[in-house]
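Asker: Just dropping this structure here.
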Amino acid sequence: MTEKELKKRKEQILKFMKEPGYVPMRKRDIAALFRVPAEARDELAYILELLLQDGSITMDTRGRYHVEDALVLQGEFRGTSREFGFLSPEDGSGDIYIEGGSTLGALNGDIVQAVIFEETGKYAGKSRVGRVVKIVKRANEYVVGTFFKKKDYGFVVAEDKRLGSDIFIDSRYTKGAVSGHKVAVQITDFGNGKQNPMGKIVEILGHINDPGSDIVTVLRAFGIPETFPEEVMQATETVPESITEKECAGRLDLRDEVMITIDGEDAKDLDDAVSLRKTKNGYVLGVHIADVTEYVKEGSALDNEAKKRGTSVYLINRVVPMLPHRLSNGICSLNEGEDRLALSCIMDLTEDGTIVGHRLAESVIHVNRRTSYTEVNGILSAEDEKKPEFEKEYGEIYPMLLMMAEVSKLLREKRKARGAIDFDFPESKIILDESGRPAEIKPYERNDATRMIEDFMLAANETVAEDFFWQEIPFVYRVHESPDEEKIKRLGILIQNFGYNLRGSKTAPHPKVLQALLEKSDGSPEEALIARLTLRSMKQAKYMVDCEGHFGLATKYYCHFTSPIRRYPDLQIHRIIKENLRGGLDERRRAHYSCILPEVAQHSSKTERTAEEAERELLKMKKCEYAEEHLGEEAEGIISGITNYGMYVELPNTVEGMIRLADITDDYYRFDEENYRLVGERSYREFQLGQTVKIMIHRVDKLLKTIDFLLVSR
């Protein structure tokens, strides 16, 4: 068929569909109406596919073709491991569900255009349904995964399961890889949704069983840079190692103020110090943050690289910093005994902890002592006989620490009174041996010292955000939207298994409702599970230029001010604060920030999500390694999730695995979706969320990063 004939056939079919009497039809109906012979049906299918791709027509979930004026939206495609995906439109409207046969070969992260029709798909809930008609920009020229060799070819299973398909590797392009090698692949053909992508191996990263290959794999898979560009490293050469008196001129001199840092034992980038003193009316609380912008100027190589990275990434025993170590561990780190430039938020508090005034200032500080969370927690929880010892060792810092604990409690009570939600469940702490394998996994609990620093940082973040909101200055806020109605309803059903309920409105609850739930479960065996279920029901916080409030903290005003060494939004607003303090925010500069901040907020939210995903991925890898070393061992755990194919069980050390229904042979179990439980057909035996069961570690799949348990007993 010539180009001219193809164009004519397309026009004929389109004209037919545009006739007033046309009713949406399937392909076979159109073929019958036009009396297309069997041997020409492929030709008709090709023409219809072309019309779909250029957006002239749409196809609904029943395979019927429509010709109404199509709504075409552009946005990011978010793939899943099950072929279908979602489009997140650039216009901010709700997600679009894209069925498996309608992706046009789009991979996770691609920018695509899709035609939308107002029907609901199986997995879409209330989402609209669409079909990808154009790939605007590919996001995955290179993919990292595990190679498997066959006789005449190979294929790579991507680390990112959201890519949705394996990558075919011709035998000529395997670079000598063997099954189990972690590899980087350059995609040479993205396929079309019906054929898999094709590629060639460009680098072998190591074997799946090699110690250390997992961290390299995660870094490559998520596009996290392992080194800084040469121009950035050259720029650091001009950064001084200490400050001069000339730099201190014009700054608020706080070097005589007693202040400390409180961090983890292994921390090297100390970006916040705190001070506290009593006054006749209450307290003066100082939160002093490293003045990173003094060394990272707008538009410089250092600034551009920091903006690109968006955040530091913490991968168990390795940090991928946002800024080179010469800054983050050097001149910008508030090291004990050294003068440092800072941006200080000095808050006046009443006796009951109410913040009644504040001052923001460029300052110069001198940290009297570096302390750790463990050290300070030991002081705060010490028995009476130990107190004289601490008083002698810490001198004037000791009474300040005790006073800090009191003020911290006052601030926390204020937040609690307004409804702020405090998630206090243990995170995973993985201890590696010398070879990089997990020797121990245990919960990492918060203590009084970590809570104290959190309280002070939250106070500063809220104070700064409210200040700049009322000044109506372009700014970057930390926003946490109210949860979706459907997720809250689901949470209400889930917690009924534990005898809890959500009091008040279940459609748009006040944070106090969720706060009350967490308080009620405090100290119970299911406490951590209830906290996680509650957290999953809420939206993810993000950066925005509009001050739309923080649901979880129950506050109208919130930003990130306290970590400019490791978060770009903090660094960006420091620049705005300093420019405002110096009187330089004229109309031109305000317009400049109004122009650049939306992209800064959006990109920072994206890099934050990438960092979190990378951290979770490595945790899953290490937990699989740990479980593999403990196959056959028994332990007790709590049922943390229930599906139609099994139940998840979480062990006290935070390792989670699945008991598959196929492996429970005493009865046939039915999934009661309404009540999230499994019920035996004959025995009526039930398994519910929060129930304690005894398991045996049965199977580990390091490729899929899954752990299977066998049920031993209830």
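The values are calculated or read from the model by the stated rules, or taken from the named source; none is laboratory data. These numbers were taken from a predicted model, which means no experiment stands behind them. Note that we place each Cβ from the backbone using ideal geometry, even for glycine, and neighbour counts take in every protein chain shown. Please note that ligands, DNA and RNA were not included when accessible areas were found on the heavy atoms of the full protein model with its side chains. Shrake-Rupley method; radii C 1.70, N 1.55, O 1.52, S 1.80 Å.
Asker: Could you put HIS207, HIS480 in order of accessible surface area, largest first, with the 1.4 Å probe and the full protein assembly present? Before the final figure, lay out each step's value.
Answerer: Details: HIS207 45, HIS480 15 Å².
The ordering from most to least exposed comes out as HIS207, HIS480.
Asker: Rounded, prolate or oblate: which one fits region 332-443, using the alpha carbon gyration tensor with axes a ≥ b ≥ c (rounded when a/c is under 1.5, else prolate when a/b beats b/c, else oblate)? Don't skip to the answer; put the middle values down first.
Answerer: Details: a/c = 1.43, a/b = 1.30, b/c = 1.10.
Taking the square roots of the gyration eigenvalues as a ≥ b ≥ c, region 332-443 is rounded.
Asker: Additional query: Once the Cα gyration tensor of the chain is found, what semi-axes does its equivalent ellipsoid get, as square roots of 5 times the eigenvalues, in whole Å, sorted largest first?
Answerer: 49, 33, 28
Asker: Another one. How large is the convex hull of the Cα atoms of region 366-406 per residue, expressed in Å³ as a whole number?
Answerer: Numbers: hull volume 3.0 nm³, N = 41.
Once divided by residue count, the hull of region 366-406 is 73 Å³.
Asker: Note down the magnitude of the dipole of region 470-614 about its Cα centre, charges +1 on Lys and Arg C-beta and -1 on Asp and Glu C-beta and zero elsewhere, to the nearest 20 debye.
Answerer: 80
Asker: Further question: Please express the Cα-Cα pair-distance distribution P(r) of region 398-527 as a list of whole percents, one per 5 Å bin, running from 0 to the bin with the greatest distance.
Answerer: Histogram of Cα-Cα distances, whole percents per bin: 2, 8, 12, 15, 15, 16, 14, 10, 6, 2, 0.
Asker: Tell me the label-point distance for the pair ALA32, ASP448, using the 7 Å Cα-to-Cβ offset, in nm and rounded to one decimal.
Answerer: 8.0
Asker: Using unit Cβ charges (K, R positive; D, E negative) and no other charged atoms, how large, in debye to the nearest 20, is the dipole of the chain about its Cα centre?
Answerer: Its charge dipole is roughly 2780 debye.
Asker: Against the globular-protein guess of 2.2 N^0.38 Å, express the Cα radius of gyration of region 170-227 as a ratio, rounded to two decimals.
Answerer: With N residues counted in region 170-227, Rg over 2.2 N^0.38 Å equals 1.24.
Asker: Of GLY637, ALA382, GLY63, which is farthest along the charge dipole of the chain in the positive direction, counting Lys and Arg as +1 and Asp and Glu as -1 at C-beta?
Answerer: It is GLY63, whose Cα lies furthest towards the positive end.
Asker: Would you check the accessible area of GLU579, probe 1.4 Å, heavy atoms only, in square angstrom rounded to 10?
Answerer: 40
Asker: Keeping every protein chain present and rolling a 1.4 Å probe, give me the accessible area per residue for the chain in Å².
Answerer: Heavy-atom accessible area per residue stands at 48 Å².
Asker: Moving on to the next point. Shape call for region 258-406 from the C-alpha gyration tensor, a ≥ b ≥ c root eigenvalues: rounded (a/c under 1.5), prolate (a/b greater than b/c) or oblate?
Answerer: Cα axes put region 258-406 in the oblate bin.
Asker: Could you calculate the FRET efficiency of ASP352 with THR692 from 1/(1 + (r/R0)^6), where r is the beta carbon distance between them and R0 is 51 Å, rounded to 0.05?
Answerer: So the FRET efficiency works out to roughly 0.75.
Asker: If you don't mind, another one. Nearest 0.05, what FRET efficiency do GLU90 and ARG503 give at R0 = 35 Å with Cβ-Cβ as r? Display every interim value, and only then the final one.
Answerer: On the way: r = 39 Å, r/R0 = 1.12.
Result of the calculation: an efficiency of 0.35.
Asker: Let me ask something additional. To the nearest 10 square angstrom, what accessible area does SER81 show with a 1.4 Å probe?
Answerer: So the heavy atoms of SER81 present about 80 Å² to solvent.
Asker: Percent of accessible area on region 242-398 owned by carbon and sulfur, 1.4 Å probe?
Answerer: 46
Asker: Here's a follow-up. Restricting to Cα pairs below 8 Å that are 6+ residues apart, what does the relative contact order work out to for the chain? Please round to a whole percent.
Answerer: With pairs under 8 Å counted, the relative contact order is 9 percent.
Asker: Here is a follow-up. Going from most exposed to least, what order do ILE215, ILE695 have by accessible area with a 1.4 Å probe?
Answerer: Ranked from most to least accessible, the order is ILE215, ILE695.
Asker: So, one more: Between ARG699 and VAL157, 0.36 nm times their residue separation minus their Cα-Cα distance comes to what?
Answerer: Details: separation 542, 0.36 × 542 = 195.12 nm, distance 1.98 nm.
Here the segment from ARG699 to VAL157 would lengthen by 193.1 nm.
Asker: On a 1.4 Å probe surface of the protein chains, which of ASP586, ASP708 comes out largest in accessible area, and what is the full order?
Answerer: Largest accessible area first, the residues go ASP586, ASP708.
Asker: Among ALA662, THR146, ALA459, whose Cα sits farthest toward the positive end of the charge dipole of the chain (+1 at Cβ of Lys/Arg, -1 at Cβ of Asp/Glu, about the Cα centre)?
Answerer: ALA662
Asker: Follow-up question, since we're still on this one. Could you work out what % of the accessible surface of region 579-714 is carbon and sulfur, using a 1.4 angstrom probe and leaving DNA, RNA and ligands out of the count?
Answerer: Of all accessible area on region 579-714, carbon and sulfur atoms account for 47 percent.
Asker: Additional query: ASP384 to ARG78: extension gain in nm, 0.36 nm per residue of separation minus the Cα-Cα distance?
Answerer: Net length gain for the segment: 104.4 nm.
Asker: Using unit Cβ charges (K, R positive; D, E negative) and no other charged atoms, how large, in debye to the nearest 20, is the dipole of region 591-684 about its Cα centre? Could the numbers behind the result be given before it?
Answerer: Values: 10 positive and 21 negative charges, 77 e Å.
The calculation lands at about 360 debye.
Asker: So what does LYS175 come to for accessible area, using a 1.4 Å probe and Å² rounded to 10?
Answerer: The accessible area comes out at roughly 130 Å².
Asker: Further, regarding this structure: Could you tell me what fraction of 2.2 N^0.38 Å the Cα radius of gyration of region 388-456 comes to, as a two-decimal ratio? Don't skip to the end; give the middle numbers.
Answerer: Working: Rg = 17.1 Å, N = 69, 2.2 N^0.38 = 11.0 Å.
Working it through for region 388-456, the quotient is 1.56.
Asker: Can you grab the distance from the C-alpha centre of region 415-436 to the C-alpha centre of region 21-52, Å, no decimals?
Answerer: 58
Asker: Oh, and also: Give me D for region 552-658 in µm² s⁻¹, whole number, from Stokes-Einstein with Rh from the Kirkwood sum over alpha-carbon pairs, 37 °C and 0.692 mPa s.
Answerer: Details: Rh = 18.3 Å.
Reported coefficient: 179 µm²/s.
Asker: Moving on to the next point. Using only Cα atoms, locate the centre of region 455-528 and the centre of region 659-691, then give the distance between them in Å, rounded to an integer.
Answerer: With region 455-528 and region 659-691 each reduced to a Cα centre, they are spaced 32 Å.
Asker: Still on this structure, please answer the following. In whole angstrom, how long is each semi-axis of the equivalent ellipsoid of region 341-386, when you take the square root of 5 times every eigenvalue of its Cα gyration tensor and sort them from largest down?
Answerer: On the way: eigenvalues 159, 73, 10 Å².
Ellipsoid semi-axes (Å, largest first): 28, 19, 7.
Asker: Considering the zone a paramagnetic label at TYR314 would reach in this model (a point 7 Å from Cα along the Cα-to-Cβ line), which residues of region 410-444 have amide N under 12 Å from it?
Answerer: 427-430, 444
Asker: Also, I was wondering about something else. Of GLN688, ASN675, LEU704, whose Cα points farthest to the positive end of the dipole of region 661-710 (charges on the beta-carbon: +1 Lys, Arg; -1 Asp, Glu; origin at the Cα centre)?
Answerer: The residue sitting most towards the positive pole is LEU704.
Asker: Largest first and to the nearest Å, give the Cα extent of region 569-626 along each principal axis.
Answerer: Principal-axis extents of the Cα atoms in region 569-626, largest first: 57, 20, 6 Å.
Asker: So what is the diffusion coefficient of region 463-599 in µm² per second by Stokes-Einstein at 4 °C and 1.567 mPa s, using a Kirkwood Rh over Cα pairs?
Answerer: 76
Asker: Moving on to the next point. Calculate the all-directions average of the projected area of region 64-213's alpha-carbon convex hull, and give it in nm².
Answerer: Over all viewing directions, region 64-213 projects a mean Cα-hull area of 10.3 nm².
Asker: In nanometres, what is the gap between the two model label sites at LYS200 and CYS595, each 7 Å from Cα along Cα-to-Cβ?
Answerer: 4.3
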